[in-house]
Amino acid sequence: MLRVSPECIDASAELRAFEAEAVGAGGIVTFSGHVREVASLGDVKSLFLQAYSPMTENGIKTAIADANSRWSLQKTMVIHRVGSMHPGETIVFVATAAKHRRAAFEAADFLMDYLKTEAVFWKKEDTETSSHWIEPRDSDYSDAARWTTKETV
Amino acid sequence: MTKILYFGRLSDLTGTSEELLDIPANIETAGQLRSWLDRRFDADGALLEQTIRIAIDSEIIFDTALLGSAEEIALMPPVGGG
């Protein structure tokens, strides 16, 4: 299940809905990403996230299919917010359900690495004194590269 | 008319996130469009950076690709992730 939308994300409600649908799963892992209050350039006033539909959705769907081919998953959910949001609000919610916990943990981690580096989003941070677009950090790329290395081991 | 989309920091450079343009007939490839837009916005090479990718009708293409009858062309700086 995938949703990219400007609506607020209620992670607790999404988890309940996910649990209701992931009947029989032995393990469910969820991750919620929130807007940070303090960034490198100061206190964050707001964050603006831009997507390009349907390219953004198609890319995430491919990553979900990739996760399903790597791990035996019963269900996955990715919800991503776009538009303007404020510190403390949820930007992204990922849930994975599997028979055993390891697959659920690793698949959630894998999907988040995709979402943080390769997903088609552009992000602008407004602080008290500046407004700037953020591009991926080197650490985001090295996090995502873990999965490429792993495949060849 | 072709819809041109400028994503991320490019919208600051161009002053708009999208516009409808009549692309001159002599601009045939994505690379030529890139150069033409760079001059048009006096962008001093910012649109020529190879990290800025171009998509024609939602498909990322090389600079040698022909524009053909493209309806929507997007200029996309490196994606920032969510």
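Things worth noting here:
- Restricting attention to region B:57-82, the residues being touching a helix residue (DSSP H, G or I) at 6+ places or on another chain (Cβ under 7 Å) and at the interface with chain A (Cβ under 10 Å from one of its Cβ atoms) number 4.
- Residues (of a type in the set (Asp, Glu) and either modelled with pLDDT under 95 or over 12 Å from A:Val4 (Cβ atoms) (or both)) located in region A:56-90: A:Asp66, A:Glu89
- Here A:Phe31 passes the criteria (1) away from every other protein chain (no Cβ under 12 Å); (2) more than 20 Å from B:Val79 (Cα to Cα) except the one numbered (1).
- Residue list for region B:5-38, restricted to those being buried (at least 16 other Cβ atoms within 10 Å of the Cβ) and within 13 Å of chain A (Cβ to nearest Cβ): B:Leu5, B:Tyr6, B:Phe7, B:Gly8, B:Arg9, B:Leu10, B:Ser11, B:Leu13
- For A:Phe93, the conditions (1) within 12 Å of chain B (Cβ to nearest Cβ); (2) under 26 Å from B:Glu72 (Cα atoms); (3) touching a residue at least 40 places away in the same chain (Cβ under 8 Å) all hold with the exception of (2).
- In region A:107-123, the residues that are in contact (Cβ under 8 Å) with a residue 24 or more places away in the chain and polar (S, T, N, Q) form Cβ pairs under 6 Å with partners that are part of a loop (DSSP other than H, G, I, E, B) and surrounded by 24 or more Cβ atoms within 10 Å (Cβ to Cβ), at six or more places apart or across chains, as follows: A:Thr117/B:Gly81.
- Looking only at region A:31-48, residues that are touching a residue at least 60 places away in the same chain (Cβ under 8 Å) and touching a Ser or Thr at 6+ places or on another chain (Cβ under 8 Å) come to 11 in all.
- Matching entry among B:Ile54, B:Ile23, B:Ile73 (being within 24 Å of A:Ile134 (Cβ to Cβ) and in contact with a strand residue (DSSP E or B) (Cβ under 8 Å, 6 or more places away or on another chain)): B:Ile54
- Test: A:Lys75 is surrounded by fewer than 20 Cβ atoms within 10 Å (Cβ to Cβ), within 12 Å of chain B (Cβ to nearest Cβ) and over 14 Å from the mean Cα position of the chain (by Cα): no
The values are calculated or read from the model by the stated rules, or taken from the named source; none is laboratory data. Just so you know, these numbers come straight off a predicted model, no measurement behind them. For neighbour counting, all protein chains shown are included, and Cβ atoms are generated from backbone atoms with ideal geometry for every residue, glycine included.
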